[in-house]
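All remarks here apply to the structure that follows.
None of the figures in this text is laboratory data; all of them are computed from the coordinates on show. Note that the structure is a prediction, hence the values are computed from the model and not measured. Cβ coordinates were reconstructed from backbone atoms using ideal geometry, including for glycine residues, and neighbour counts include every protein chain displayed.
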Amino acid sequence: MNRFDWVNANSVDQALASVTDESSFKAGGVDLLDLMKDGIASPSRLVNIRQISGLDQISEDDKGLRIGPLVTLTQIEEHPAVQKTYAALSEAASRIATPQIRNMATVGGNLVQRPRCWYFRSEDFHCRKKGGTHCFAQDGENDYHAIFDNRVCAIIHPSGIAVPLVAMNGRAEITAKKGKREVALEEFFTSPTHDVHRENILEPGELITAIVVPASEARTAYYKQGEKESFDWPIADVAVSLAMQGSRCSKASIVLGGAAPYPYRAKAAEAKLNNSEITEDSARAAADAAMANATPLEKNAYKIPIFEAIVRRTILRAAGMKAEGVAA
Amino acid sequence: MSEKLPPGSDSSPSQDKQKHGTTRRTFLKSAGIVSASVAGAEMLTGVPRAEGQEQAGAVGPGKVALKLRVNGEVRTVNVEPRTTLAEALRDELHLTGTKVVCDRGSCSACTVMLDKTPVCSCMTLAVDVGDRNVTTIEGLAHGEDLHPIQAAFIEHDALQCGFCTSGMVISCASLLERNPKPSADDVRTAISGNICRCATYPRVLEAVVAASQGKGA
Ligand SMILES: Cc1cc2nc3c(=O)[nH]c(=O)nc-3n(C[C@H](O)[C@H](O)[C@H](O)COP(=O)(O)OP(=O)(O)OC[C@H]3O[C@@H](n4cnc5c(N)ncnc54)[C@H](O)[C@@H]3O)c2cc1C
Ligand code: FES
Ligand code: FES
């Protein structure tokens, strides 16, 4: 790890004033230390935002949920109002990493963490994302890479908390020296075709100062398929939000993780459910539609049947139904 | 998919040296210099905290004198901001009960408690501990009196090589602090990040359940 100097910021203003071109904000520090230990990032200064007071709270009112960027994944997992009304969010938080990491990792840091693609994370591969000319995943070990929008750079977006947050129409409040703006998380994350060197619209020196989730009557569910039962990165995960009118779905929102370089909104699947009854058949049709345009690489087509199964089951679970062939 | 490396990028020891910029030997050497040059370190009382709206004061990249509350005592270490808590505990305070295995947050061998919360000391910077109380494996027993979890681990033979054990014991002790009567699933979740290559999990489960029922030893 490179040497750096260290600033403890007490306020957002102080954090914004202390950051230089060569510095990084540090929240939980989990991703930053990972990148620095691997020689992928080498900031000359860390501006510690972890102790800024007031940014580590979750509040709920009739407009929705406001989550401070320093709220840890454990706080989200254990928060009674989140568990009750925003089920997919607490389910997703509870499945990320290990209890120790969830105690350290913050929501803001989780959204802004860099991809886990092993070529990106290895100093030995100067890939496109790091300024090189080649995406080594295209004809390399691409088992865990994207099955959509994967031609320029085949990363999958690593954030597990982004998947339900995008499905719930979450927004990020972003603060810079020049003021505040609010952006839908769906627009926050960007495609490598837009700019391969980044995964979101955040400019240097900008801080996420809140995540806002609008209140909704929608029923939500989340599912993560890993390679093993205990902690692991997902191979595929999905969040489903269904606004219901009686037994009909008035608006579906389906977001896939582990599928694309950003949380992937499966619009074709949503279209199959909007204004329809939720049944085993409509859920199956939606799941098939979600995968219809996938462009898998040589070694990751196995993800398609996994997604078909978990999308179908998670739609049914969000609707309060039991999927065929699955224990309750 | 944690812990998988791309082809041809196995971390051989020689690569490790280049990657992390310092070998264990050079680290120990420079740690040796510390004791001789304490006066050169920036002296701080507790953790640096700047006030006001403008730029906060910076410390480092050289050594910073930090006060750490470890196992009920206030200890001073002189470390660079890049020093992890695990390094400060092991190399500066010689509390080598805390083990470092992956150094990346993915095995939990290095687990310590910050106040009552288990965290990875390998992914925590010493400079970021502040006034939180650090509890390591050395801090669980009171003299000859073992912590109930330690006694239960012995009674239930819940360790083999022992390399994961300090982290495992801290995870379990922290669980009992927060939840004195955990279910078997609570225990499974609490140790779900603690990797044990010797597969002691069933015995660990037995030990924690016994300790929670006051039948540790
Ligand atoms: C073993 C292991 C397994 C893991 N498994 C998963 C998993 O399954 N799913 C998953 O989603 N993640 C997983 N992770 C990743 C982990 O969740 C992230 O590293 C963590 O959430 C990052 O949060 P942090 O607060 O530590 O961020 P930091 O490391 O502090 O920051 C990360 C980045 O975000 C920036 N940043 C932080 N806060 C803000 C803010 N408020 N505004 C603007 N920029 C900000 C920082 O400048 C930095 O660039 C795993 C990690 C480990 C070690
Ligand atoms: S050594 Fe810290 S988690 Fe493995
Ligand atoms: S006892 Fe050997 S690794 Fe757990």
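Along segment A:264-271 the Karplus relation, 6.51 cos²θ - 1.76 cosθ + 1.60 evaluated at θ = phi - 60°, assigns HN-Hα couplings of 9, 7, 8, 5, 5, 6, 4, 4 Hz to successive residues, with x for each Gly and Pro. Distant-in-sequence amide contacts of residue B:95, defined by a placed amide H-H separation under 5 Å and a gap of 5 or more residues or a different chain, comprise B:90.
Rounded to two decimals, the Cα radius of gyration of segment A:1-48 over 2.2 N^0.38 Å is 1.08. Considering only B:161, B:205, B:183, the residue lying farthest towards the positive end of the dipole of segment B:148-212 is B:161, judged by Cα position with unit charges set on Cβ.
Mind running the shape call on segment A:219-318? Use the C-alpha gyration tensor, a ≥ b ≥ c as the square roots of the eigenvalues: rounded below 1.5 for a/c, prolate if a/b tops b/c, oblate otherwise. It comes out prolate by the Cα gyration axes. Excluding the site residues themselves, the longest part of chain A lacking any trypsin sites (Lys or Arg not before Pro) in a DSSP loop with at most 15 other Cβ atoms within 10 Å is A:64-150.
Taken over the protein assembly as shown, the ratio of Cα radius of gyration to 2.2 N^0.38 Å equals 0.98. For the segment B:70-82, counting C-beta atoms of other chains within 10 Å of every residue's C-beta and taking the mean gives 2. Long hydrophobic helices in chain A, taken as whole DSSP H segments with a C-alpha length of 15 Å or more on their own axis and mean Kyte-Doolittle hydropathy at least -1.0: A:280-291, A:303-318. Distances between placed amide hydrogens fall under 5 Å for residue A:210 paired with A:173, all partners being 5 or more residues away or on another chain. Segment residue A:215..residue A:295, full-extension length gain: 25.3 nm, with 0.36 nm per residue of separation and the alpha-carbon distance subtracted.
If you average 1/r over every pair of different alpha-carbon atoms in segment B:64-139 and take one over that average, what Kirkwood value in Å do you get? Radius from the Kirkwood sum: 11.9 Å.
Mean partner shielding of peptide A:25-37, defined as the number of other chain Cβ atoms within 10 Å of each residue Cβ, is 4.
Using the Cα gyration tensor of segment B:148-212, with a ≥ b ≥ c the square roots of its eigenvalues, what is the shape: rounded (a/c below 1.5), prolate (a/b larger than b/c) or oblate (neither)? It comes out prolate by the Cα gyration axes. Ignoring the sites themselves, chain A has its longest run without GluC sites (Glu not before Pro) in a DSSP loop having at most 15 other Cβ atoms within 10 Å at A:23-122. For segment B:102-217, taking Cα atoms only, Rg and Dmax work out to 13.4, 39 Å respectively. Restricting the chymotrypsin sites (Phe, Trp or Tyr not before Pro) of segment A:245-328 to loop positions (DSSP other than H, G, I, E, B) with no more than 14 neighbouring Cβ atoms within 10 Å leaves A:302.
In order along segment A:11-19, the phi-based Karplus estimate (6.51 cos²θ - 1.76 cosθ + 1.60, θ = phi - 60°) of 3J(HN,Hα) comes to 8, 4, 4, 5, 4, 5, 6, 8, 7 Hz; Gly and Pro are listed as x.
In this structure, the residue pairs whose Cα-Cα separation is over 31 Å, taken from A:129/A:178; A:63/A:180; A:177/B:67; A:129/A:267; A:178/A:251; A:130/B:67, are A:177/B:67; A:178/A:251; A:130/B:67. Peptide B:123-136 is shielded by partner chain Cβ atoms: per residue, an average of 3 of them sit within 10 Å of its Cβ.
Please give the calculated 222 nm ellipticity per residue for the protein assembly as shown, where each DSSP H segment of at least 4 residues contributes -39500 (n - 2.57) and the sum is spread over every residue; nearest 500 deg cm²/dmol? Let's see the in-between values first.
Numbers: 19 runs with 158 residues, N = 545.
Calculated at 222 nm, the ellipticity per residue is -8000 deg cm²/dmol.
Note on residue B:99: aspartates and glutamates with a C-alpha under 13 Å away, same-chain residues under 8 apart excluded, are B:87, B:91, B:138.
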